[in-house]
Structures are given as structure tokens and as C-alpha cells.
Amino acid sequence: MPDWKQVVKEHMGKRGLPESSEEEVIAELAGHLEDACENEHAQGRSEAEAGTRILANIRWRKLARAIRASKPGEEKMNARTKTLWLPGMAILFPAGLLLMLLDRAPVLQQLLFLGCMGLLLCAAISEAARMSQRTRSLWLPGFVSLVAASLFLIAVGFVRDPSYFFSGISLQPHNLVLPSYAPGRTFYLTWLLAHVLFGALGAYLSRRAGGTRAARMVAGAFPAILMFGLLGLVVPISAVFFEHNAFVLSHPNNFAAGILVWAVAPAIPVLIGTAPFLKEPDFHRA
Amino acid sequence: MRSYRDMTKRIRSKIARGSGELAILSLLAEQPLYGFEIAKQIGERTGGALQFTLASLYPLLYEMEKRGWVEGHWQANHAGRDRRYYRLTSSGKRQLAPLRQEWRSFFQALDSLAGVSHA
């Protein structure tokens, strides 16, 4: 017979149940599962068969969400805020900061990039026990190797030409993708790589707060969504009122290239980053 | 089409929730019971028509407890294991009669419209 309390704890322990009643809820659910297992056993099923059958029918995320919703008085903030807005903002800030600083001081770009990678690695490693076998054996090592490759690239760049890290960069779309302008290309690639981390961080924070798959995707894709909103809506509308944005009307091709470079392309790495955190964790069964 | 599906889903969900509340209150009016026993007895006594899962039973019980209709306390069951028994409060008892009346009216209305009792 499984240790039902342990099983429930493993599944529900990190899903944001109200702290004051968490232990009690876990004990109550464990008692229910214990009785259900005995009931199945009494009907002629083996204990292992009964346990598997019972666990197969439980949707833990849905259960946790429903219990959280039934005890809203004890929640400090609602589920949407915890699973979508806060994770979204948590990645938007470094993404925005990075964008602001990269133009003037590439050394800060590297520092921020390293910091983000360090934080994300810590988060991923601390969550390793809750990840599925596939995430632990494929996505996490893949992420670690990606981080290592990025670090290596940065290190090589620094050894080759340290002056680059203290130079300014033109952020015109054509300068970012054309092979003739190395600083722009390097910056852009780093920028895109960082979005893998931003996407992963957003989805991770959302999952930790019990977010649905859609919430995790949106939280992870926040920087790309915001850039799309800014470039696709705010800038064209503002062009009507502000002269300095009138380039949108006079250079539609450049503007379309800007959207492609700053909003569409970053959407790909952020979505790649969210991928490992979209699966439900497959816990070890007791 | 989608909004129609959403609407029927919401209605079904409200009906299920309402019927769940009535079923639990009616059962607890007879005697205090713990979660598994509540689900088991409701399943048996309705011939399986009403069935609770973990995700439908406990949130509903906690919601009813928050409203003050039921209260839970830990107590050993017949096998000597601690279980959280729920009993009806006086507020819960007051809810039962109007809820029964509401459902009776609902079925009568549905019957007069669709003849469900003769189906």
C-alpha cells in the first residue's frame, strides 16, 4: 500500500495551497485515497492495480486549482496574477533592461545574460525532482548544454576582442541581420538566445504558481507579445500624432522589417524556452 | 457555436454544483460523514447517476464550510483511522429546505416543458 500522505504531498505540496490549511488538506485527501484503494482492493483488485487505477483518474493540477479557488480568503493574490502577470513581468523587466543597456554597453549585456542564466539554472536544478523523466533526461541537460555553449561564445568573444564589449551598436534592423556588421549580428544573436531563457523563466514561474499550459505559454512569451503590441499597434497609431514616428508611414518596408526582427523572431526562442515547462511533471509514485 | 458550447457547459456546471450541494446537505442531515463516505453513499444511493471525484467533492465541501453550512472535525472512523467528518450546521439546516424547494420547482418546470418525468 503506498504512503498516500507522501503521494498527495508530492503532487500537491508545491501547487500553492493555502499555507494555513495545507497539512490538513493533504491529510484529508490522503485518507480519501487510502479508503478508495481499500475499496478497490475489497472488490478483488490487487493493491498495486487499485493504486494505479486510482492515481490514473486524478487530475492534480485541476484539483489544486479547485481547492485554491474554494479557499480564496487565504490567498494573498488571485491565481491569474500569480501564474501569468507576475511571471510575465518578472521576465519583461530583465528583457527590457537588457534591450536598453545593450545598445550602449555590451558588457552589461553579458553580465545580465550571465545573471539570468545563473538564476534560471538554479531554479531548474531545484525543480529537478519534480520534473518528468524526459525533462530531466533531455530538456534540462539540453538547457545546460545551451547555457554552456552561450557562455563559451561569450568567453571567446571577450578573448578575441575585449574592446567590442565597450562599444556602441546600431540597432537598425538591417544592421542586426546582415553579415557585414558583426557587432549588430552578435548582439542580435545574444538577444535572441536570451529570449530562450526569458521564455523558460516565465513558464517556470507560472508553472510553479500552478498556471495552466496556456498561462505558462503566455507568461513565457510576454516580451515578444509586448514588442508585437508596441510595434504593431502603438507605434503606427502614434505616427499619426508624433512626427518622429512618421517613418512608419514613409518607410513601410523598414517598419515591417522592424516588426519581424523585434517581435516575430524573438517569439520563436521564447516559445522554445517555455517548452520544457509545458508538460505536467510526472511524479514518482510511492 | 463556441459560445453556445461554453454556455451549455456553464449551465451543466452550475446544475452539477447545485445538485452536489443538495446531495451533500441531504446526506449530512442524516448523520456526520467524512469525504470518502459522502462520495460513496451518494454514488450508491443515486445508482451512480451522481458521482464525485476528488476535484469535485473537496472544493465543494470547503466552499460549503466557508459559507458556514457544514463544519469539519477530525475523528477516528470505524477502522480507527482519523478522518475529517462533516456535520451540518444550523445555517446548513436552514439552507436545506429552500434548496429542496428550488430543485422541486426546477424539475416541475422542466417536466411541464419537456415531460421529463414520463420519458
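FYI, it's all coordinate maths here, none of it is from the lab. Source: prediction; values computed, not measured. Every residue, glycine among them, receives a Cβ derived from its backbone with ideal geometry; neighbour counts consider all protein chains shown.
Structure note, pairs A:9/A:71; B:66/B:93; B:40/B:93; A:62/A:279: Cα-Cα distances above 20 angstrom occur for B:40/B:93.
Inter-label distance, residue A:264 to residue A:230: 1.9 nm, where each label sits 7 Å from its Cα along the C-beta direction.
Packing-based ranking of B:106-112, A:196-202 yields A:196-202, B:106-112, ordered from highest to lowest mean Cβ neighbour count within 10 Å.
The residue B:101 and residue B:78 beta-carbon pair, evaluated with R₀ = 41 Å, returns a calculated FRET efficiency of approximately 0.70. Between residue B:93 and residue A:23, the simple label model (points 7 Å from Cα in the Cβ direction) yields a spacing of 3.3 nm. Applying 0.36 nm per residue to the separation of residue A:189 and residue A:46 and subtracting their alpha-carbon distance, the gain on full extension is 45.8 nm.
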